[in-house]
Each structure stands twice: as structure tokens, then as C-alpha cells.
1. Taking a ≥ b ≥ c as the square roots of the eigenvalues of the Cα gyration tensor of region 185-228, is the shape rounded (a/c under 1.5), prolate (a/b larger than b/c) or oblate?
2. Sum up the charges of everything whose Cβ sits under 10 Å from the Cβ of residue 114, counting Lys and Arg as +1 and Asp and Glu as -1, but leave residue 114 out.
3. With respect to the cross-link table entries 211/258; 272/307; 211/248; 54/78; 294/336, which display a Cα-Cα separation exceeding 31 Å?
4. What is the sum of charges around residue 289, taking Lys and Arg as +1, Asp and Glu as -1, for the other residues whose C-beta is under 10 Å from the C-beta of residue 289?
5. Decide, for region 238-340, between rounded, prolate and oblate: order the square roots of the alpha carbon gyration tensor eigenvalues as a ≥ b ≥ c, take rounded if a/c falls under 1.5, and otherwise choose prolate if a/b is larger than b/c, else oblate.
6. Helix 233-249 against the longest principal axis of the chain: what's the angle in degrees, Cα atoms only, rounded to the nearest 10?
7. Looking at the square roots a ≥ b ≥ c of the eigenvalues of the Cα gyration tensor of region 6-222, which shape do they give, rounded for a/c under 1.5, prolate if a/b is larger than b/c, or oblate?
8. With runs of 4+ DSSP H residues as the only contributors, calculate the mean residue ellipticity of the chain at 222 nm using -39,500 (n - 2.57) per run, divided by the residue total and rounded to the nearest 500.
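Bear in mind that the values in this text are calculations on the coordinates, not laboratory data. Model, not experiment: these values are computed from the prediction. All Cβ positions, glycine included, derive from the backbone under ideal geometry; neighbour counts span all protein chains shown.
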Amino acid sequence: MSNPSVAVVILNYNGKVHLDHFLPSVMASTYPGVRVIVADNASTDGSLELVRSKFPEAEILTHPTNEGFAGGYNWALKLVEADYYVLLNSDVSVTPGWIEPVISLMESDKQVAACQPKLLAFHNPHLFEYAGAAGGWIDSLGYPFSRGRVFDVCEPDLDQYNTVSPVFWASGAAMFVRANVYHALGGLDASFFAHQEEIDLCWRMQLAGYKIMSCPASVVYHVGGGTLPRGGRKVYLNFRNNLLMMIKNLPWYEIAWKFPVRIGLDAVSAWKGLLTGDADFFKAIVRAHFAVVKRWLKKGGIQYTAKVKPMRNLYGVYRGSTVWKYFVKKETTFQKIIRD
């Protein structure tokens with residue numbers, strides 16, 4: 001019996017330095033017949049010249065414009081035929097045999113639509129990495145967190161999350177997806193551009209009856225982290241996309257009370273930023289709120305999921321508030337957050 005086909009697709013935008021440093025580990029993957037594809041989002045830094053000269057075995061796709069993480073992957077994956085896609089950031093170092101345990105897990109249960117390895121921090125390998133740690137969860141108000149990372153606190157890896165587990169979302173930094181499910185659900189929401197689009201996709205996968213899993217037998221190391229500046233476009237996209245995701249995927253009776261609560265909590269964050277001298281943070285949240293309301297009022301502005309269900313019926317949902325636990329009760333680890 002032949003192995004299912006796997007395509008590792010690295011979306012690249014001016015990531016020449018990362019490709020030079022991390023692509024060798026990906027090219028050394030031992031999975032039989034794996035394809036490594038660099039999908040370039042209109043880079044101008046010589047990325048493609050580097051790949052062609054140093055990694056001739058890698059395939060290259062070129063796009064004339066930069067459509068962000070979501071639009072870029074939707075474009076690229078339409079051109080790639082495989083049973084499984086691996087959406088892999090260019091700043092990820094993989095370990096020997098990292099593909100095999102994830103594919104084995106997904107092959108053992110056809111209802112698993114997406115899965116992630118254990119993500120550790122490249123520069124601090126004893127710590128879980130911000131972008132997904134050992135699998136993503138979400139709380140009742142839509143705040144994402146992970147097994148191993150709550151807000152800005154990343155736990156040390158003490159093997160406490162070394163069991164295969166259903167989760168709410170798989171990290172877009174190293175996300176295995178079943179190709180036919182990806183396309184059947186329309187892929188990532190391109191209107192998000194970047195940030196939280198993988199959470200939205202995993203939410204829609206669960207609403208369609210699929211599972212999302214964490215497979216800690218596979219380990220990768222990610223450079224990215226939660227230390228980027230809070231101001232500007234990053235904050236805008238995070239706050240905007242999180243609210244849009246909730247509107248898309250929640251029943252109306254949950255939106256009716258959760259949306260106003262979230263607007264209030266966001267406002268507290270915004271004013272705290274302003275009063276501590278971070279005017280850009282304040283302005284980004286205000287812009288995000290106006291953008292959400294504008295799109296909500298526009299006919300066809302939001303791509304609603306056809307069949308929704310209460311959050312409590314899904315895997316990886318904490319029914320309480322991480323904001324309350326973290327900021328008020330000062331509980332900073334995943335296990336303490338979800339213990340009641």
C-alpha cells in the first residue's frame with residue numbers, strides 16, 4: 001500500500017534569510033516522496049534566486065502580488081495536488097521524522113482534518129512557542145490560547161502535553177491539513193489577510209464534523225513569537241479578525257451577548273494602552289472595531305458559516321474567561337486556566 005502524498009508548502013514573502021537557514025532541515029525530511037514547494041508572494045529580496053541556486057530540488061510557485069497568508073495559501077494550494085498539505089512558515093526548523101507521526105495519526109482517523117506538531121521556541125528550545133505551543137484552545141469569549149501558552153506567557157516544555165489530544169485549532173506555523181477538506185470548505189478566509197485565519201478554518205472544520213488534533217510526537221522549532229510591537233497593522237488585524245471570526249461562526253444568540261462584552265473588553269485594553277503611552281495600540285483597536293461594524297452592515301461583507309452550533313459543543317473550548325483567570329486571578333498556565 002502506497003503512502004499518502006504530502007506537499008510541504010512554504011509561503012514566502014521576502015524571507016530569504018529564513019529560507020537559507022531553515023530550508024535545509026525541511027529538504028532533509030524523510031517522508032517518502034514528500035514535495036517541498038516554495039510559494040512566493042511577490043518577494044523582492046532575491047528569495048527565488050537563492051532557492052534555485054541552493055535548493056534545486058524544491059519546487060517554486062510565483063505570484064505577482066502579495067495577498068497575505070490567507071490569500072497566498074489559497075492561491076498556492078489550488079495549484080498543488082496532494083492528499084495532505086503542510087502549511088509551514090519559513091522560520092521553522094523541523095526535526096528528523098517530523099512528518100510521519102502526524103500522517104499516521106491522520107490516516108488512523110479520517111475525521112481528523114487538521115493537525116499540528118509540538119511547537120517549541122527556536123531561540124529558547126526549552127519553552128513552548130507562542131504561535132501554537134502544543135495545540136490551540138479558545139475561551140467562551142473567543143480569546144485563543146494554547147496548551148503551553150496563555151497570552152504572553154510561554155511555559156517550559158516538561159513533557160506535560162506529550163499526549164495526542166483534540167484541540168480547537170492547529171497553528172498556521174506548521175499546520176497539516178487534509179487537502180480535500182481544505183478545498184471543500186473554501187480554504188482560508190482571504191479577507192483576513194493574516195492573523196487568526198487558521199483558527200477560523202479549524203472552527204469551520206469542527207462545525208463541519210471534523211476533528212483538529214495535536215501530535216506531540218512531531219516536534220518543530222519556530223523563530224516567531226509574541227514579542228512583536230503591539231501597535232499598527234498587527235494589532236488591527238488581530239482584533240478585527242477575531243471579532244469577524246466570532247460573527248461568522250457563532251449562533252446569533254451567542255453573538256447577541258458575546259459581541260458587546262468583547263467590545264467592552266477590547267475598549268479596556270485600548271484605553272489601558274493609551275494611558276500607558278501606546279497611542280498606536282489604541283488607534284488600531286478603534287480602527288478594527290469600525291472595520292468590523294462596517295463589514296457587518298455591508299451586504300455580503302461577511303462569509304457566514306452555513307451551519308453553526310454552540311461553542312460548548314466543540315473540542316478545545318474553555319467555558320470560562322481566560323481574561324479573568326489570567327489578569328485577575330493571576331493564573332498563567334494552561335492547566336491552571338482550565339482546571340475548573
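1. Working: a/c = 2.93, a/b = 1.20, b/c = 2.44.
Oblate, since a/c reaches 1.5 and b/c is not below a/b.
2. On the way: positive: 178, 211; negative: 198.
Net local charge, residue 114 excluded: +1.
3. Numbers: 211/258 25 Å; 272/307 37 Å; 211/248 19 Å; 54/78 26 Å; 294/336 38 Å.
Cα-Cα > 31 Å for 272/307; 294/336; rest within.
4. Working: positive: 240, 262, 287, 294; negative: 266.
Net local charge, residue 289 excluded: +3.
5. Values: a/c = 2.58, a/b = 1.05, b/c = 2.46.
Judged from the Cα gyration tensor, region 238-340 comes out oblate (a/c at least 1.5, b/c at or above a/b).
6. The helix 233-249 is inclined about 80 degrees to the chain.
7. Values: a/c = 1.44, a/b = 1.27, b/c = 1.14.
Judged from the Cα gyration tensor, region 6-222 comes out rounded (a/c under 1.5).
8. Values: 10 runs with 120 residues, N = 340.
Helix-only estimate at 222 nm: -11000 deg cm²/dmol.
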